[in-house]
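The values are calculated or read from the model by the stated rules, or taken from the named source; none is laboratory data. Note that the coordinates shown come from a computational prediction; the quantities given were computed from them, not determined experimentally. Note: ideal-geometry Cβ built from the backbone for every residue, glycine included; neighbour counts use all protein chains shown. Ligands, DNA and RNA are stripped out before the accessible areas are found, and what is left, the full protein with its side chains, is counted by its heavy atoms. Shrake-Rupley method; radii C 1.70, N 1.55, O 1.52, S 1.80 Å.
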Amino acid sequence: MDIQDIIKPENLVYQKTKLLTDTPMHYCPGCSHGVVHKILAELIDEMGLQDKSIGVAPVGCAVFAYNYIDIDWQEAAHGRAPAVATGISRVNPDAFVFTYQGDGDLASIGAAEIMHACNRGENILVIFINNGIYGMTGGQMAPTTLEGMVTATTPNGRNVELNGYPMRITNLIAQLPGTSYVTRQSVHTAGGVRKCKKAVKKAIQNVLDKKGTSFVEVVSTCNSGWKLSPVASNKWMEENMIPYYPLGDMKDSVKGEHSEN
Amino acid sequence: MTEEMIIAGFGGQGVLSMGKILAYSGIMEDKEVTWFPSYGPEMRGGTANVTVIVSDTRISSPVLQEYDTAIILNQQSMDKFEKAVKPGGVLLYDPNGIVNPPTRTDINIFKVEATKASVEMGNPKVFNMIVFGSYLKVRPILSLDNVEKGLAKSLPERYHKLIPLNLDAMQKGREIVEEVNVV
Amino acid sequence: MGEIKLMKGNEVLAEAAIRCGCDGYFGYPITPQSEVMETLMAREPWKETGMVVLQAESEVASINMVYGAAATGKKIMTSSSSPGISLMAEGISYLAGAELPCLLVNVQRGGPGLGTIQPSQADYFQAVKGGGHGDYKLIVLAPSSVQEMNDFVDLGFELAFKYRNPAMILADGAIGQMMEKVELADYKPRWTKEEVVEKNGGWATTGKPSSRKKNVITSLEMASNDMEVRNINLQAKYRKMEEEDVRYEAIQCDDAEFILVAFGTAARVCQKAVEVARAKGLKVGLLRPITLFPFPKTIIKELARKAVGFLSVEMSAGQMVEDIKLAVYDAGSNARVNYFGRMGGIIPTPTEVVEALEDKFSWELSYGVKRSY
Ligand SMILES: Cc1ncc(C[n+]2csc(CCOP(=O)(O)OP(=O)(O)O)c2C)c(N)n1
Ligand code: SF4
Ligand SMILES: [Mg+2]
């Protein structure tokens, strides 16, 4: 059989995600960022949202997200993405607006902006990549860094007396009446990727239905910052991060309504 | 005496630490030194280079356009820095991974099979020290005594047991460096 | 002689802080200066000298931590790079308004906005003209070597306390990332509680004993008359700095027809440019301002009497050149003032500088005299 007989549309089993550009990603091999980008790109395509989407990129390793997903983007100052997204969404109520932020960006320098955007119940999606570290700047401590974890600014491990406690900011977010759907996912297994995609899809639908802020945390790896191989990172994450940041939905409701959890 | 040089290769080849040992050795010989690295995300898996200047007198600009010596450890760096060697200067390279070897005829060119030798020595980590040894053979700007002291200074105490291994690697470099072109 | 080491500019800032008896450092990671806090965290000075080191949640938080700690009369510092310093601007204005001594470090990168992490000098205006709101000045020191990164920590604190004013070390990514030989200072003990009270108890919130009136740290003055008096006093302080604490280095300026003016990394490049130009037979010298505020106006005025032209060489679109022009204008000189620079994180090369000099002063170089208008 000739190769040309095989390359036919009806034989297609897998193709490159349409909305991912051809720009080679700068992420380290094994990094979670790329997987989450793919989920977003697939959903924006599948849900027909390309021309409605405006993404807000963070300052962090995902600063170049705008190079990879073929939609309109804005680059925000470090931590300010939720305020930028508020501005976009308020004057463009029919746009699908989302922020994509790391744990340093969202939980440290931008803690005020995320709290207030969620408290106002802005109709935006927040993707929160929690890798427990500042990847971009060379692996310093983040608010989410686990106790005892070695980083460039906690060379002897995070000491809670000195540095405070690892912050479960998503749990705080879930308390705010402005949020509708708040969940914590991971993408380190095929099953996890499928679940995460389902969660992001629901979150996007909530935004389209104007139910309030939807917030998806993805517990992620940063093999460069953690100084572990990609495989070892996944294992370390499973054994250390996930017990502290357990996966699952924290809230599923409509803004202003009391939720069960 | 002023030696203005660049060491260029991939991140992870020990480019920056080779430069640091050289700079520390210069200090041991009472010279002025600067060590100026490429920095930032360009290092992530990509190229890394460091400009090192060793001089008897106060050093002016830490950034240079041309060099007395270029140590070149990958093709990208060859493309960028072969042309930046001063006429009569030295280009030292490891042919591993070099597709287009240097062609200039107005400079001194040496090659050292350091990647191969480090594998033969059973320790790829001594790669940069093999290169360093061969450099000091072709450019004997510092006494080996001071280089040994510089090595001790730039390694944290807990790695001092590795000094003999590093000195062996340098000796290996001295032995295997080959002349390609001499002006 | 003190201990000799090979260190990065950023590492030296940390080491010098510990050795000069600094009481506290508050910062937030940002390239190209993250090594300052990383070095401090690895050195654990709280075990050695009692110095406190804290990673804040943002630059807004760090500068306000500095405010609180400095207001207790202790030696406090922070460091950041351009975008972080912009975030601190409000706090810096408050520190200046409340007249609090402290040491700020800006290891500049290219802007505006998120810009680039490569070295730049485009925060000159921000550092010397304000940056935050209101009529205030920082004492601004511009190191051009790793040794000066070391020396200016102690000097910065000394001047800050002399004037009860924030001092800033305005460095750039190149000096922060570069390693050079450095002679470290000997350890100075941190001030004891009694020393803090003795030196600064007159104004600082050290805890009120019954023997003195309460000390209040504020920049607020509701009555315009009182606020004007505050401003008049601040201005008098800034004039005093201009009289007593100008620092600069003049290299081969005595017979120079053309003066390069440059600070920090650009000054290092210009030193080489002077060599290149002299080899070509051009009479070129270098004036290197060390204090950017107070700016070395007097020496520029003196040089303007004989020099044919000045070339301000900057890693920016040309900021310091305005201050040089003012000084030359003040001197009533018709020496011409030009600018050459690179932006966006690019360091100019010595050859470029000499070419720019020849290009911008081609008329004067042909006729050898000052143009008169
Ligand atoms: C005002 C300001 N402060 C600091 C920085 C430096 N900075 C860039 S990214 C970053 C942290 C990124 O960490 P995170 O948000 O966790 O993202 P990751 O890289 O881990 O995905 C910091 C501190 C900056 N760009 N701007
Ligand atoms: S540094 Fe960490 S977060 Fe950044 S790309 Fe690499 S693995 Fe991903
Ligand atoms: Mg992170």
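A few comments on the model shown:
- Strands (runs of 3 or more DSSP E) lying entirely in the range C:1-96 (those with 2 or more residues that are out of contact with any Leu (no Cβ under 7 Å at 6 or more places or on another chain) and at the interface with chain A (Cβ under 10 Å from one of its Cβ atoms)): C:52-55
- The one condition in (1) within 16 Å of ligand 2 (Cβ to nearest atom); (2) within 20 Å of A:G60 (Cα to Cα) that A:V231 fails to fulfil: (2)
- Filtered by the rule that a residue be more than 22 Å from C:L40 (Cβ to Cβ) and within 9 Å of ligand 2 (Cβ to nearest atom), the range A:125-145 gives A:I129, A:N131.
Quick grid of which residues meet (1) modelled with pLDDT of 95 or more; (2) open to solvent by less than 50 Å² (accessible area, probe 1.4 Å); (3) more than 20 Å from B:N74 (Cα to Cα):
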| residue | (1), (2), (3) |
| --- | --- |
| B:P102 | yes, yes, no |
| B:D106 | yes, no, yes |
| B:F110 | yes, yes, no |
| B:V131 | yes, yes, no |
| B:D145 | no, no, yes |
| B:L151 | no, yes, yes |
| B:P156 | no, no, yes |
| B:L162 | no, no, yes |
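- Residue identified as in contact (Cβ under 8 Å) with a residue 40 or more places away in the chain, more than 16 Å from ligand 3 (Cβ to nearest atom) and within 17 Å of the chain's Cα centre (by Cα) among A:L247, A:L208: A:L247
- For the range A:177-261, the helices (runs of 4 or more DSSP H) that sit wholly inside it and include 3 or more residues that are among the β-branched types (V, I, T) are A:190-208.
- Of all residues in the range A:219-240, those that are within 14 Å of another protein chain (Cβ to nearest Cβ) and open to solvent by less than 60 Å² (accessible area, probe 1.4 Å) have Cβ atoms under 8 Å from Cβ atoms of residues that are of a type in the set (V, I, T) and within 16 Å of ligand 1 (Cβ to nearest atom), 6 or more apart or on another chain, in A:C222/A:I133; A:G225/A:I133; A:G225/A:T151; A:P230/A:T221.
- Residue match in the range C:88-110 (condition: within 13 Å of ligand 1 (Cβ to nearest atom), open to solvent by 10 Å² or more (accessible area, probe 1.4 Å) and basic (K, R)): yes
- Single residue of the range C:233-245 satisfying the filter (among the charged types (D, E, K, R) and part of a helix (DSSP H, G or I)) that is surrounded by the most Cβ atoms within 10 Å (Cβ to Cβ): C:E242
- B:R158 being among the charged types (D, E, K, R), farther than 17 Å from B:F10 by Cβ and assigned to a helix (DSSP H, G or I): yes
- Looking only at residues of the range A:13-32 that are open to solvent by less than 100 Å² (accessible area, probe 1.4 Å) and away from chain B (no Cβ under 14 Å), we find that the one that is farthest from ligand 2 (Cβ to nearest atom) is A:L19.
- Among the residues of the range C:216-232, those identified as under 27 Å from the mean Cα position of the chain (by Cα) and assigned to a helix (DSSP H, G or I) are C:R230, C:N231, C:I232.
- Hits in the range C:40-73 - residues which are open to solvent by less than 30 Å² (accessible area, probe 1.4 Å), closer than 24 Å to C:G173 by Cβ and more than 21 Å from the chain's Cα centre (by Cα): C:L40, C:M41, C:V53, C:Q55, C:A56, C:S58, C:A61
- Number of the condition not met by A:D51 [criteria: (1) within 16 Å of ligand 2 (Cβ to nearest atom); (2) over 17 Å from the mean Cα position of the chain (by Cα)]: (1)
- Filter result (open to solvent by less than 60 Å² (accessible area, probe 1.4 Å) and assigned to a helix (DSSP H, G or I)) within the range B:112-129: B:A114, B:T115, B:A117, B:S118, B:V126, B:F127, B:N128, B:M129
- C:A204 meets the conditions (1) open to solvent by less than 20 Å² (accessible area, probe 1.4 Å); (2) part of a loop (DSSP other than H, G, I, E, B); (3) assigned by TED's automatic domain parsing to the domain that holds C:V60 in every case but one. The failed one is (3).
- Selection from the range C:11-35 of residues that are over 17 Å from C:A185 (Cβ atoms), buried (at least 24 other Cβ atoms within 10 Å of the Cβ) and in contact (Cβ under 8 Å) with a residue 60 or more places away in the chain: C:P32, C:Q33, C:E35
- Residues that are in a loop (DSSP other than H, G, I, E, B), open to solvent by 10 Å² or more (accessible area, probe 1.4 Å) and under 23 Å from C:V246 (Cα atoms), drawn from the range C:111-131: C:A122, C:D123, C:G131
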